[in-house]
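One structure follows; several queries about it will come next.
All of the numbers you see were taken from the coordinates with simple rules; none came from a lab. Not measured: the values here are computed from a predicted model. Glycine gets a Cβ as well: all are built from the backbone with ideal geometry, and neighbour counts include every protein chain shown.
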Amino acid sequence: MSNGLNNLYAFDEFSINLRERNLWREEEIVPLPPKVFDTLAVLVERAGETVTKDELLSAVWPDSFVEESNLSQNIYLLRQVFGKERNYIKTIPRKGYKFAAELRQVGEQEERIGMQKAEPAGLPQYPLPRRRGYAAAAALVLLASAAIFGVNYFSPAAAEDSPPIPFTADKVRLDKLTDSGTAYFPSISPDGSFVAYVDTAASNGGLRLMDTGSGRDVQVPIEGGMVPGITEFAPDGKRIYFKPIGLLRTGLPVYEISYFGGSPGLVAENVWGKFGISQDGTRMAMFRVDVSSNREFLTLKNLVDGTEETAYTAYVPEHLFLYVAPSFSPDGDRVAFLKRPAGDGRSAISLLDRTTGEVTELKTTLDKIFNIAWHPDGMGLFAISKEGDKGRQIFYVSYPNGEITRVTNDLNSYDGISIPRDGKSIVTQQRDFSSNVWTFPNGALSEGKPITTGRYGHFGVVDLEFATEERVIFGGRASVEVGLIAARISDGARTQLTESAGTVNTAISAQADGRFFFITSNRSGVPAIWRVTQDGRHAEQVTTPSDESHWFPALSHDEKALYYVARTSDGSEIRMLGLEDGESSVIFSSPEGAPTRFLEASPDGRYLAFVYETEGEEPEGDENRNIPVRIGILDLSSRTMRSVTIRTSRPRIKWTNGGKTFDFLRGSAIYRQITEEPDAEPVKIFELPGERIFNFDWSFAGTDLVVARGGQVSDLVRIAIN
């Protein structure tokens with residue numbers, strides 16, 4: 001349907017001017033990113049016809065090859081703006097899309113009126129649409145931001161003569177390397193010929209080697225039955241470093257093995273988190289933790305002579321972000337790593353100068369950085385950062401000015417960065433993760449009903465607790481930060497509890513009457529214990545750390561005292577705070593280990609449970625990827641502790657039967673262990689076959705179950721960049 005006279009069409013309250021490239025809703029302009037507008041324009045010009053996906057890809061991206069996910073993203077955003085109930089854009093299965101709205105051509109007089117509409121001075125204002133719900137409003141804000149800032153949305157203000165942007169979303173090509181949904185931890189060889197990765201569904205360890213040219217891959221046999229968790233290609237391209245599966249906050253060895261397989265050789269011991277190898281293969285950067293003093297170290301090991309040196313020490317309340325592998329610059333002079341300051345959102349990349357020992361900060365406008373890797377030319381780093389509704393996206397950070405350039409711009413979520421020596425591509429994971437909260441009255445599978453829904457939900461993964469018998473509190477991601485949400489079980493009605501209240505709000509302990517709940521929050525700058533009203537409107541700081549951080553509040557069985565973990569420069573200890581008299585006392589500390597991850601008081605008032613973290617290396621995970629976790633059980637009468645090791649997919653327990661038993665997770669099932677019989681075989685009491693249970697809780701009466709259920713698929717993609 002071509003209108004060569006004026007290129008102006010109208011449908012319902014919308015009008016589109018193809019010549020001026022703008023979309024209006026009545027008197028309001030609707031900003032669209034250029035490629036989103038191009039997608040709409042192609043569909044409008046061929047209204048009533050089926051436009052194939054290939055035709056749309058060729059028209060919108062004429063000079064580059066992109067995956068269909070970019071087109072799907074554009075269609076999704078347009079539907080959000082128009083409102084899904086309108087169904088303006090119909091999907092034609094296995095073919096493409098059709099613009100189905102009834103178009104009318106706008107005459108010359110109307111066009112002249114339309115052309116007189118002017119945007120306000122300065123940055124345009126975008127009022128929320130009057131006839132749309134929350135989803136459309138959110139989409140409008142997202143589109144407005146993209147339209148205003150373009151590829152520099154995350155960039156600091158740049159001068160007009162700034163250099164050309166080296167990477168944009170239009171200049172990348174994505175090739176999917178796997179389609180199993182079980183591919184993790186990729187590492188590409190220096191010449192780009194091979195990718196090593198872990199297949200979590202494979203037997204015999206799961207380490208695989210792929211020929212990037214043919215796409216064929218083979219198993220890399222590991223003698224001894226080790227199960228790899230993290231991989232890294234050696235600079236010679238013939239060996240693979242790996243760390244066995246286990247908790248990241250646990251000391252485990254790192255091994256090396258020929259890419260043909262065989263017997264692994266020990267490289268380093270007691271390595272916490274991830275690690276990195278210098279490009280000349282002579283050094284390894286890794287993390288170490290002294291649990292007795294709560295100090296964390298960036299350690300450099302000489303792989304030639306075996307000597308080690310501590311390059312940086314983090315003291316409480318600062319932490320190192322062990323999830324992100326330290327990265328050597330191409331010349332080996334600098335090491336990039338991430339800290340976790342008490343009140344910061346991980347927006348700065350720390351750079352260690354190996355010559356002077358000085359650590360400087362490469363400040364960026366990113367938020368929640370999850371991965372970093374130097375570009376082989378040394379002029380910048382790639383980083384993965386959380387971006388609102390889009391998940392984790394890949395960016396390029398220029399060195400030394402910190403300017404940001406987008407690499408990916410889609411609805412996928414990425415994890416891990418591996419770059420060959422020519423710097424022309426990135427291998428990463430493309431993840432699809434979903435978790436929703438369900439209740440099961442009486443623990444009956446047949447009676448389950450959802451409290452949250454959505455394919456991309458991230459609900460209840462870290463925090464999930466009954467607030468009352470009729471109400472639950474759980475963590476949920478609204479944008480970049482995770483906030484706490486309360487929901488009624490009967491109808492799912494939600495209340496946002498911690499919006500704009502710091503970057504950390506976690507570890508819920510609720511009173512049985514539902515009036516208050518206690519959490520760890522850093523809204524005052526340092527993690528402390530806070531008491532919050534059931535509606536989230538009023539919060540009171542309960543503890544005041546000084547050169548400490550306070551974590552994991554747990555109410556006593558009679559709710560007269562509150563237990564919490566205090567992390568100090570002398571180690572971690574459990575304290576008890578009287579809620580009536582305000583008196584605080586230490587009830588447990590140990591020079592050999594530290595309580596961490598959670599506190600759980602038994603209903604009978606006898607025990608307090610936690611993960612007991614020690615400096616020695618822990619056992620490795622098994623072939624089902626269940627991790628051995630040492631649970632400390634503190635007798636509150638004698639103040640003595642004993643430990644029990646469980647194999648679990650999540651390091652925490654829930655007391656049941658008044659403290660006579662405790663429950664824990666293994667993948668898709670909940671298991672029950674008799675407290676006084678730790679060597680007895682645990683009994684499976686609940687299972688969701690084919691899914692994963694991320695978290696769970698029992699009601700105060702011990703009858704009803706709430707779980708965070710869902711799944712995750714992960715495949716490898718190669719991103720070709722200019």
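Just from its helices, what would the mean residue ellipticity at 222 nm be for the chain, if runs of 4 or more DSSP H residues each count -39500 (n - 2.57) and the sum is divided by every residue, rounded to the nearest 500 deg cm²/dmol?
Counting only the DSSP helices, I get -2500 deg cm²/dmol.
Also: Residue by residue through region 39-46, what is 3J(HN,Hα) from phi via Karplus (6.51 cos²θ - 1.76 cosθ + 1.60, θ = phi - 60°)? Round to whole Hz and write x for glycine and proline.
4, 5, 4, 4, 5, 5, 5, 10
Okay, next question. Have a look at LEU464, GLN673, PHE82 and report the one farthest towards the positive end of the charge dipole of the chain, computed about the Cα centre with Cβ charges (Lys/Arg +1, Asp/Glu -1).
The residue sitting most towards the positive pole is PHE82.
What is the packing order of peptides 285-292, 42-49, taking the mean over residues of other C-beta atoms within 10 Å and listing the highest first?
Packing proxy ranking, top to bottom: 285-292, 42-49.
Can you give me the angle between helix 68-82 and the longest principal axis of the chain, using Cα atoms only, in degrees from 0 to 90, rounded to the nearest 10?
Once rounded, the angle reads 80 degrees.
Pairing the Cα long axis of helix 134-149 with the longest principal axis of the chain, what angle in degrees results, from 0 to 90 and rounded to the nearest 10?
Computed tilt is about 70 degrees.
What are the ³J(HN,Hα) couplings of region 249-259, residue after residue, when phi is run through the Karplus curve with 6.51, -1.76, 1.60 and θ = phi - 60°? Round to Hz, x for glycine and proline.
My calculation for region 249-259 gives 8, 8, x, 9, x, 10, 10, 10, 8, 5, 6 Hz in order.
At GLU677 and ARG488, where each label point lies 7 Å from the Cα along Cα→Cβ, what is the point-to-point distance in nanometres?
Calculated label separation equals 4.3 nm.
Working out 0.36 nm times the residue gap between VAL304 and GLU687, then minus their Cα-Cα distance, what length gain in nm do you get to one decimal?
That works out to 132.9 nm of additional length.
With unit charges on the beta carbon (Lys/Arg positive, Asp/Glu negative), name the residue among GLY306, GLY391, ALA348 whose Cα is farthest towards the positive pole of the charge dipole of region 255-402.
Projecting each Cα onto the dipole axis, the largest value belongs to GLY391.
Turning to a different aspect of this structure: Taking the Cα centre of region 284-402 as origin and charging only Cβ (+1 Lys, Arg; -1 Asp, Glu), how large is the dipole, in debye to the nearest 20?
For region 284-402, the charge dipole is close to 400 debye.
Another question about this same structure. Among the aspartates and glutamates, which fall within straight-line cross-link reach of LYS449, defined as a Cα-Cα distance under 17 Å, with same-chain neighbours fewer than 8 residues apart omitted?
Here the aspartates and glutamates satisfying the reach criterion relative to LYS449 are GLU465, GLU469, GLU470, ASP491, GLU687, GLU691, ASP697, ASP704.
Please state the charge dipole magnitude for the chain, taken about the Cα centre, from unit charges on C-beta atoms (+1 on K and R, -1 on D and E), reported in debye and rounded to the nearest 20. Spell out each step's value before the answer.
On the way: 77 positive and 97 negative charges, 295 e Å.
Dipole of the chain, to the nearest 20 debye: 1420 debye.
Using all alpha carbons of region 175-300, what is the percent of pairwise distances in each 10 Å bin, ordered from the shortest bin to the longest?
13, 44, 32, 10, 1, 0
With only alpha-carbon atoms counted, please give the Rg and Dmax of region 566-722, in Å.
Taking only Cα atoms of region 566-722, I get Rg and Dmax of 18.2, 66 Å.
With the crude spin-label approximation of a point 7 Å out along Cα→Cβ, what separation in nm comes out for ARG21 versus PHE260?
5.7
Cα centroids of region 17-49 and region 671-722: how far apart, whole angstrom?
Taking the Cα centre of region 671-722 as reference, the centre of region 17-49 is 46 Å away.
Across all directions of projection, what mean area in square nanometres is found for the Cα convex hull of the chain?
Numbers: hull surface 132.6 nm².
Reported value for the Cα convex hull: 33.2 nm².
LYS90: which lysines have alpha carbons under 22 Å from its alpha carbon, excluding same-chain residues fewer than 8 sequence positions away?
LYS35, LYS53, LYS98
How far is it, in nm, from the label point at SER637 to the one at ASP191 when both lie 7 Å from their Cα along the line to the Cβ?
7.0
Output ³J(HN,Hα) for region 186-199: one whole-Hz value per residue in order, computed from phi by the Karplus curve 6.51 cos²θ - 1.76 cosθ + 1.60 with θ = phi - 60°, and x for Gly and Pro.
Once rounded to whole Hz, the list reads x, 9, 9, 5, x, 8, x, 7, 9, 10, 8, 7, 10, 9.
Could you order peptides 265-278, 207-220 by the average number of other Cβ atoms within 10 Å of their residues, highest first?
265-278, 207-220
Have a look at VAL60, ALA196, ILE633 and report the one farthest towards the positive end of the charge dipole of the chain, computed about the Cα centre with Cβ charges (Lys/Arg +1, Asp/Glu -1).
In the chain, that residue is VAL60.
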